[in-house]
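One structure is given here, and the rest of the page talks about it.
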Amino acid sequence: MNPFSRARWRRSVGRPIQGGPTTDTQRVIDEILSQHLYWPVFQPIRDLASNRIVGYEALSRFDPPHTPQRLFDHARLVGRGKDLEIATMQAAVKAAAELPAYAWVSINSSAALLSETDTIGTILDALDRPIVIELSEHEMITDYGPIAIAMQRLGPNRTLAVDDAGSGLASLRRILEVRPAYVKMDLGLAQGVAIDPSRRALVAGFVHMAREAKFTLIAEGIQSEDDLEALKGLGVGLGQGYLLGRPERAAFLEDQPATATGARRRVQRVRST
């Protein structure tokens, strides 16, 4: 979008959606979809032992003041959640073609869209690389059978991740029911693990569970060297967070993985500008 169009967008719909009439919310969502006012960014996921980038998580971004979580919530309330999810997923798949070829890509999906295997399969088939489908936490799931069936139908090079493990009993049940290949540990466990014995005990329990249940554990929200070293010492395999790399557009990502220290220095430079 050019600067003039972006300024006009902010003037026309650049205020938060705060419980106004449904027609206003629909208008905002419709304009976002019709004008493609969204774009993907990608955050690196690293092997903590080697610091090597193994994958990227695709995240959707919108113009301020609209946050992704709030915008998706409002889209669902007015019956446009599926449309917004499909549009942003298509944008992420298209942009992911520019990522380094050695890395897999994690794409967020609701359980409802995942169960529509013809739709999601067509979208993902445009990307010729391994894809991790990250089951989002936006909805309550009562029947896990369709998720298992969907993953079987999507075929090889398509694996499942469960998000926010440790944030509640529902996330633990998802691990037991769907048997994911990856489990993303809630950032509330990772942040402060270096100084909190209770967090260390919980993370150690997840590491043991991952070993026994044969899934790979990913720590989210790593922001300090001390927490990074603690997670490595506890045996957590993969991680992501601002210390290890900020979300960026695909075209701006470096092909060669940077060191964790280098990533931290880049974060500090960004914060100081």
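Largest accessible area first, the listed residues 226, 128 line up as 128, 226 when surface is computed with a 1.4 Å probe on the assembled protein chains.
The heavy atoms of residue 89 present about 10 square angstrom of accessible area, all protein chains included, probe 1.4 Å. The order of 82, 232, 94, 184 by accessible area, most exposed first and with a 1.4 Å probe, is 94, 82, 232, 184.
The mean accessible area for residues of the range 101-247, using a 1.4 Å probe and ignoring ligands and nucleic acids, is 45 Å² per residue. Note on residue 67: accessible area approximately 70 square angstrom, rounded to 10, probe 1.4 Å, nucleic acids and ligands left out.
Each of 39, 104 has its accessible area taken with a 1.4 Å probe; listed largest first, they run 39, 104. Sparsely packed loop sites in the range 39-81 (the trypsin sites (Lys or Arg not before Pro) outside DSSP H, G, I, E and B with at most 13 other Cβ atoms within 10 Å) comprise 52.
Here the simple spin-label model places points 7 Å from the Cα toward Cβ, and for residue 61 and residue 172 these points are separated by 3.7 nm.
The values are calculated or read from the model by the stated rules, or taken from the named source; none is laboratory data. Remember, predicted model here, so these are calculated numbers, not experimental data. Cβ sites come from the backbone with ideal geometry, for glycine too, and all protein chains shown count toward neighbours. What goes into the accessible areas is simple: the full protein's heavy atoms, side chains included, and nothing from ligands, DNA or RNA. Shrake-Rupley method; radii C 1.70, N 1.55, O 1.52, S 1.80 Å.
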